[in-house]
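The values are calculated or read from the model by the stated rules, or taken from the named source; none is laboratory data. Keep in mind that what you see is a predicted model, and the values were worked out from it rather than measured. Quick reminder, even Gly has a Cβ in these numbers, built from the backbone with ideal geometry, and neighbours come from all protein chains shown.
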Amino acid sequence: MANNSAKQAGEEAADRMQAAGSTMMETGSQLGVKMLDQAETNTQEAFKAMRAAAQAKDISEVMRIQSDFMREQGGRSVSQAREIGEMIANMGRSTIGQMTGKK
């Protein structure tokens, strides 16, 4: 009887580990796509600023464009880091929950 109980507990633990691994892989893929999306956005915004600077009428306009870009990029970076951090934290909570059976 105890042997069956131990066997069942082992199988349940293995199932939870497998589910957690699947979740980690899926979330890892989502994380990679999110990071690529963010990189694409950052690149598009950088080229937009460079085009605007190239068409500027004087150096003060170039400085304003560069300053605006840096301010906006700083805000974007904070937001993007927060978003990635939340995804990682959620993945960790989900994985631990699955492994312990406490979703």
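Among the criteria (1) in contact (Cβ under 8 Å) with a residue 12 or more places away in the chain; (2) more than 23 Å from MET24 (Cα to Cα); (3) of a type outside the set (Ser, Thr, Tyr), the one ARG71 does not fulfil is (1).
Within the stretch 43-57, being loosely packed, with under 14 Cβ neighbours inside 10 Å, part of a helix (DSSP H, G or I) and not aromatic (Phe, Trp, Tyr) holds for THR43, GLN44, ALA46, LYS48, MET50, ARG51, ALA54.
When LYS34 is tested against (1) surrounded by 12 or more Cβ atoms within 10 Å (Cβ to Cβ); (2) more than 17 Å from ALA81 (Cβ to Cβ); (3) charged (D, E, K, R), just one condition goes unmet, and that condition is (2).
Only a single item in (1) assigned to a helix (DSSP H, G or I); (2) surrounded by 11 or more Cβ atoms within 10 Å (Cβ to Cβ); (3) modelled with pLDDT of 80 or more; (4) more than 29 Å from the chain's Cα centre (by Cα) is not met by SER60, and it is number (2).
Mind listing just one residue for me: the one in the stretch 63-103 that is among the charged types (D, E, K, R) and surrounded by 11 or more Cβ atoms within 10 Å (Cβ to Cβ) and, of those, nearest to the chain's Cα centre (by Cα)?
As a first pass, look at the stretch 63-103 and keep what is among the charged types (D, E, K, R): 64, 68, 71-72, 76, 82-83, 86, 93, 102-103.
Among the residues that remain, those that are also surrounded by 11 or more Cβ atoms within 10 Å (Cβ to Cβ) are: 64, 68, 72, 76, 83, 93.
Details: ARG64: 31, ASP68: 25, GLU72: 20, ARG76: 13, GLU83: 6, ARG93: 15 Å.
Per the stated criteria, the residue is GLU83.
What residue, of GLN80, GLN66, GLN38, is in contact with an Asp or Glu (Cβ under 9 Å, 6 or more places away or on another chain) and at pLDDT 95 or above?
Values: GLN80 fails: in contact with an Asp or Glu (Cβ under 9 Å, 6 or more places away or on another chain); GLN66 fails: in contact with an Asp or Glu (Cβ under 9 Å, 6 or more places away or on another chain).
Of GLN80, GLN66, GLN38, the one residue that is in contact with an Asp or Glu (Cβ under 9 Å, 6 or more places away or on another chain) and at pLDDT 95 or above is GLN38.
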